[in-house]
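Student: Pasting in a structure now, in structure tokens, and then I'll have a few things to ask.
The values are calculated or read from the model by the stated rules, or taken from the named source; none is laboratory data. Since the model is a prediction, treat every value here as computed from it, not as a measurement. Here the Cβ is made from the backbone with ideal geometry for all residues, glycine too, and neighbour counts use every protein chain on show. Ligands, DNA and RNA are stripped out before the accessible areas are found, and what is left, the full protein with its side chains, is counted by its heavy atoms. Shrake-Rupley method; radii C 1.70, N 1.55, O 1.52, S 1.80 Å.
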Amino acid sequence: MSNRFYITTPIYYVNDLPHIGHAYTTIASDVLARYHRMRGEEVRFLMGVDENAQKNVESALKNAVIVSKAKQSHTMAKRSPRPFGVRDDGSVRDIVQKYVDEMAAKWKMTWDELDISNDDFIRTTEPRHVKYVKKFWGMVKKGDIYKGQYEGLYCVGCESYKTEADLVDGKCPEHNRVPEKLSEENYFFKLSAYRDKLLAHIKKHPEFIQPETRRNEVAAYIRDHAQDFSISRKNLEWGIPVPGDPTQTIYVWFDALLNYISANPKWWPADLHLVGKDIIKFHCAYWPAMLMSAGMKLPRTVFAHGFFTVDGQKMSKTLGNVVDPVALAKKYGNDVLRYYVLREIPFGEDGDFSEERLRQRYNGELANGLGNLVARVLTMLEKYAEGRIPPRHKEPPKHFHVWSRYEDAIASLQFDRALEEIWHFMGELDTFIDKEQPWKLAKGDKDKLFAVLYVLAESLRHIGWLLLPFMPVTSQSIFEQLGVGKAELRRPLKEGQSWGVLVPGVKIKKGNALFPRL
Ligand code: MSP
């Protein structure tokens, strides 16, 4: 096992605020980052924002018009109309820069509020990135970049070139808008030259594209459709200029993908790019071909998860059902949000988000399940063992398999299964309590009573560890209540995973209910 783990999320567009879909990818990545840190690995968790896109420019200008209209009506000043988006106090570039600065700060703040443990946050307007993108342009194999005439369609919503076959009633089905017709001289990248190499790589490295259904989808795309694609746009006011040709701007994907290296080349190659299924073509066809052309290593795995709807409907501004992850986390707690999204939807599949389901899982699995078990054990320790850890019982509970099952599940990114294993273990503890009936043992067999209580307390300590990547606040609270506090986290995992770590005599600190019923 390698001792380093480099994981990335997509860098999100700043044309709007983060919603629950972005939080989903981010939370899943955060769980993995925390899991690998817990295992003592050296982890790099990179996130960031994609600032050079045309869709950001559109939003910036729209926003500027709104702001300037608001100002006008506020001051009641009569001014002559000015062209769309251009304010009297700045050029388009200034307006967009100001906008992306503000939006990047808001995205960053969202991840802080959700307590995401990223090690770095890259903005593609930063010099480290711009410099690397220009350098990479020169690293691509001679002949792989060539000039040609692009005649076709472009959807700014997708930031992607389209063919007639991609459209429904002449519109991009994703964004319900008519794509622009482009006819301009562009630079192209020779993707077609990499078809066979890409297919061979996919075949030889089944771990490269996960899950398997996506692998087949991408392989079919490469085999049947992968053509050279345009990697520049003409006369744009925003974006990274093509080295040596300032009339052309580098196509946003040919720029954005490079964030994974530009942030810190020393970490490349990544172990895992976590992305939504919408952007798999860019990550599993364009990106590896670009890397092959530049003679660089490929990422080990790209995992594409599914999309979710909200209460059965596509999330959209028009429908007004866009879910704000921060509002949810404020209402229920970060840990609850993390638990719900990863428990509800098998990772990789599409699913549905519903606050009603979240509340059901909260009451059923968090309040009645986890919260109740912790309270039950601590109450018994208070009542029957003077609020202290009883003498050590050397044997773990029967069928103590939870760790290996949990580790297997996380290794294949089956978060729902990993959580299920923890809850299954908790179910066994409940059964154990009902069978041993400590309240009866308290009247006679003290040795047996202490043995039972020690097993329960020590099992809770294991649950604290198992939950750590998923629900870090809850996990901390379990350690506090068991009287071991933060010191527990300074242990190497190997030690934390072993049996009989709790020291007899240590005072417990029963706290408030972990999850008060809603
Ligand atoms: N900027 C590009 C990515 C460049 S990476 C080099 C981009 N940005 S995005 O803001 O549109 O984010 C797309 C990602 O957001 C998806 O891949 C997915 O991770 C997440 N999701 C957006 N909507 C989602 C759902 N409805 N459901 C689940 N994830 C969703 O594409």
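Student: Identify all residues within the stretch 110-133 that are open to solvent by less than 10 Å² (accessible area, probe 1.4 Å) and among the polar types (S, T, N, Q); write none if there are none.
Tutor: Across the stretch 110-133, the qualifying residue is only T124.
Student: State yes or no: is Y332 under 14 Å from L114 (Cα atoms), modelled with pLDDT of 95 or more and surrounded by 19 or more Cβ atoms within 10 Å (Cβ to Cβ)? Steps first, please.
Tutor: On the way: under 14 Å from L114 (Cα atoms): yes; modelled with pLDDT of 95 or more: yes; surrounded by 19 or more Cβ atoms within 10 Å (Cβ to Cβ): yes.
For Y332, the condition - under 14 Å from L114 (Cα atoms), modelled with pLDDT of 95 or more and surrounded by 19 or more Cβ atoms within 10 Å (Cβ to Cβ) - is met.
Rundown of residues vs (1) of a type outside the set (D, E, K, R); (2) within 13 Å of the ligand (Cβ to nearest atom); (3) modelled with pLDDT under 95, yes/no style:
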site: D271; (1), (2), (3): no, no, no
site: L274; (1), (2), (3): yes, yes, no
site: K277; (1), (2), (3): no, yes, no
site: I280; (1), (2), (3): yes, yes, no
site: C284; (1), (2), (3): yes, yes, no
site: S316; (1), (2), (3): yes, yes, yes
site: N321; (1), (2), (3): yes, yes, yes
site: A327; (1), (2), (3): yes, no, no
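Student: If you don't mind, there's one more thing I want to ask. Kindly indicate which of A23, A104, A28 is over 30 Å from E488 (Cα atoms), within 15 Å of the ligand (Cβ to nearest atom) and at pLDDT 95 or above. Reasoning before the result, please.
Tutor: On the way: A23 fails: over 30 Å from E488 (Cα atoms); A28 fails: over 30 Å from E488 (Cα atoms).
Just one listed residue meets the conditions, A104.
Student: Please work out which residue is most open to solvent (accessible area, probe 1.4 Å), limiting yourself to the stretch 467-518 and to residues that are aromatic (F, W, Y) and part of a loop (DSSP other than H, G, I, E, B).
Tutor: Residue satisfying both the conditions and the ranking: W499.
Student: Only one of these is touching an Asp or Glu at 6+ places or on another chain (Cβ under 7 Å) and under 24 Å from G138 (Cα atoms): L257, L191, L198, L236. Name it.
Tutor: Sole residue among the options that is touching an Asp or Glu at 6+ places or on another chain (Cβ under 7 Å) and under 24 Å from G138 (Cα atoms): L191.
Student: Considering only the stretch 140-176, state which residues are outside any strand (DSSP E or B), among the hydrophobic types (A, V, I, L, M, F, W, C) and within 22 Å of K234 (Cα to Cα).
Tutor: Of everything in the stretch 140-176, those that are outside any strand (DSSP E or B), among the hydrophobic types (A, V, I, L, M, F, W, C) and within 22 Å of K234 (Cα to Cα) turn out to be V140, V156, C158.
Student: Within the stretch 204-217, which residues are closer than 15 Å to G348 by Cα and part of a helix (DSSP H, G or I)?
Tutor: Selection gives E212, T213, R214, R215, N216, E217.
Student: Would you tally the residues in the stretch 1-20 being within 11 Å of the ligand (Cβ to nearest atom), open to solvent by 40 Å² or more (accessible area, probe 1.4 Å) and in a strand (DSSP E or B)?
Tutor: The qualifying residues number 1.
Student: Quick one: E428 ticks every box in (1) open to solvent by less than 20 Å² (accessible area, probe 1.4 Å); (2) assigned to a helix (DSSP H, G or I) except a single one, so which number is it?
Tutor: (1)
Student: Taking the criterion of being acidic (D, E), touching a helix residue (DSSP H, G or I) at 6+ places or on another chain (Cβ under 9 Å), touching a residue at least 40 places away in the same chain (Cβ under 8 Å) and surrounded by 15 or more Cβ atoms within 10 Å (Cβ to Cβ), would at least one residue in the stretch 359-370 satisfy it?
Tutor: Yes, the conditions are met somewhere in the stretch 359-370.
Student: While we're on this one: Quick check on this structure: which one of G244, G306 is over 21 Å from Y154 (Cα atoms), of a type outside the set (S, T, N, Q) and open to solvent by 10 Å² or more (accessible area, probe 1.4 Å)? If you could, list the steps in order and put the result at the bottom.
Tutor: Working: G306 fails: open to solvent by 10 Å² or more (accessible area, probe 1.4 Å).
That would be G244, the only listed residue that is over 21 Å from Y154 (Cα atoms), of a type outside the set (S, T, N, Q) and open to solvent by 10 Å² or more (accessible area, probe 1.4 Å).
Student: Can you name every one of the helices (runs of 4 or more DSSP H) wholly within the stretch 299-386 that holds 3 or more residues which are under 30 Å from A513 (Cα atoms), over 23 Å from the mean Cα position of the chain (by Cα) and not acidic (D, E)? Let's see the steps before the verdict.
Tutor: Numbers: elements: 325-332, 334-344, 355-361, 372-384.
Fully inside the stretch 299-386 and qualifying: 372-384.
Student: Looking at the stretch 252-269, which of its residues are more than 12 Å from the ligand (Cβ to nearest atom) and either open to solvent by less than 10 Å² (accessible area, probe 1.4 Å) or part of a loop (DSSP other than H, G, I, E, B) (or both)? Walk me through how you get there before you give the answer.
Tutor: To start, the set of residues in the stretch 252-269 that are more than 12 Å from the ligand (Cβ to nearest atom) comprises 264-269.
Answer for the stretch 252-269, where residues must be more than 12 Å from the ligand (Cβ to nearest atom) and either open to solvent by less than 10 Å² (accessible area, probe 1.4 Å) or part of a loop (DSSP other than H, G, I, E, B) (or both): N264, W268, P269.
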